[in-house]
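Here, each number is a calculation from the coordinates, and none is a lab measurement. Please read all numbers here as calculations on a predicted model, not as lab measurements. Heads up, the Cβs are rebuilt from the backbone with ideal geometry, glycines too, and the neighbour counts pull from every protein chain shown.
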Amino acid sequence: MVTPDKIIRSARKTLSVSIDPFGRLTVRAPARLSEERIFAFLKEKEDWIRKHQAKKAGAESRLPPKNLDGYAFLLFGEEYRVTLYGGKKVLCDEVEKRLFVPRASAEETLKKWLKERARETLKALTDELAGEMGVRFKSLSITSAKTRWGSCSFDNALHFSFRLLYAPEAVIRYVAVHELAHICVKNHSPAFWALVGKYVPDYKEKRRWLKDRSYLMQIF
């Protein structure tokens, strides 16, 4: 039997389930709906639930421990390993795929370095792509968002989570194209996806990569 990790009751009229990046199951139900009906619904959805939970099995073990020494995570789609040392700044060895991080305030220092690297990478990329696509954006900022890889505001300001830096360069490029396309089309209509597809023909594959690795948004 499938057992939910959380049941949230509210004034809603429908019953729904969601699975977070770590496989935890949440049920959202009408305030007066019986548990019997809830569990009957979960029984109907059991195959779907178990399938999606299996995809996310072990994701929690990929989160950083308190001591970052030896911790490995993705950077531009490749695995880099952290080595703590007595220096004052983060050093990146792209050959050995190692990040040398100051032992003092290691996580805070590494997060700051990731944000700076993301800003440099995404500013250069979006400038280039905006020229290719013939669009102009108002500004670009790097955020700590954990629910969105990127966004485009109504006045064409772009925002990207620094965690996008964990993805391969081709996936980062897709997200940049996606947000720049919103300058022309403010919704996700067929016209929008046609524009994205013009610059990233295999965008569905890139979207799937991000969806399958949603746990990355919880790292740092």
Divide by every residue of the chain the summed helix terms, -39500 (n - 2.57) for each DSSP H run of at least 4, and state the resulting mean residue ellipticity at 222 nm, rounded to the nearest 500 deg cm²/dmol. -12000 deg cm²/dmol
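Can you give the percent of C-alpha pairs in the stretch 123-220 whose distance is more than 20 Å? Write down the numbers at each step before the final one.
Details: 1514 of 4753 pairs.
Taking all Cα-Cα pairs of the stretch 123-220, the fraction more than 20 Å apart is 32 percent.
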Could you run the Karplus curve 6.51 cos²θ - 1.76 cosθ + 1.60 with θ = phi - 60° over the stretch 45-51 and give me ³J(HN,Hα) per residue in whole Hz, x for Gly and Pro? 9, 4, 4, 5, 4, 5, 4
Given the pairs 13/55; 146/211; 111/146; 6/66, which are separated by over 18 angstrom at their Cα positions? 13/55; 6/66
So the label point goes 7 Å from the Cα of residue 138 along Cα→C-beta, right? Which residues of the stretch 154-169 then have their backbone N under 17 Å from it? 154-160
What nm distance separates the two modelled labels at residue 147 and residue 55, each placed 7 Å from Cα along Cα→Cβ? 2.0 nm
Zone reached by a paramagnetic label modelled 7 Å from residue 72 Cα along Cα→Cβ, restricted to the stretch 84-122 with backbone N below 14 Å, covers 96-99
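With N residues in the stretch 6-57, what two-decimal value do you get for its Cα radius of gyration over 2.2 N^0.38 Å?
Working: Rg = 11.3 Å, N = 52, 2.2 N^0.38 = 9.9 Å.
Compared with the compact-globule rule of thumb, the stretch 6-57 sits at 1.14.
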Once phi for every residue in the stretch 82-93 is put through the Karplus expression 6.51 cos²θ - 1.76 cosθ + 1.60 (θ = phi - 60°), the whole-Hz ³J(HN,Hα) values, with Gly and Pro written as x, are 7, 10, 7, 8, x, x, 10, 9, 6, 10, 10, 9
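Rounded if a/c is under 1.5, else prolate if a/b beats b/c, else oblate: with a ≥ b ≥ c from the C-alpha gyration tensor eigenvalues square-rooted, which is the chain?
Details: a/c = 2.25, a/b = 1.26, b/c = 1.79.
Judged from the Cα gyration tensor, the chain comes out oblate (a/c at least 1.5, b/c at or above a/b).
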Give me a comma-separated list of calculated 3J(HN,Hα) values for the stretch 178-195, in order, Karplus coefficients 6.51, -1.76, 1.60 applied at θ = phi - 60°, integers in Hz, x for any Gly or Pro. 4, 6, 5, 5, 5, 5, 8, 10, 7, 9, 10, 6, x, 5, 5, 5, 5, 5
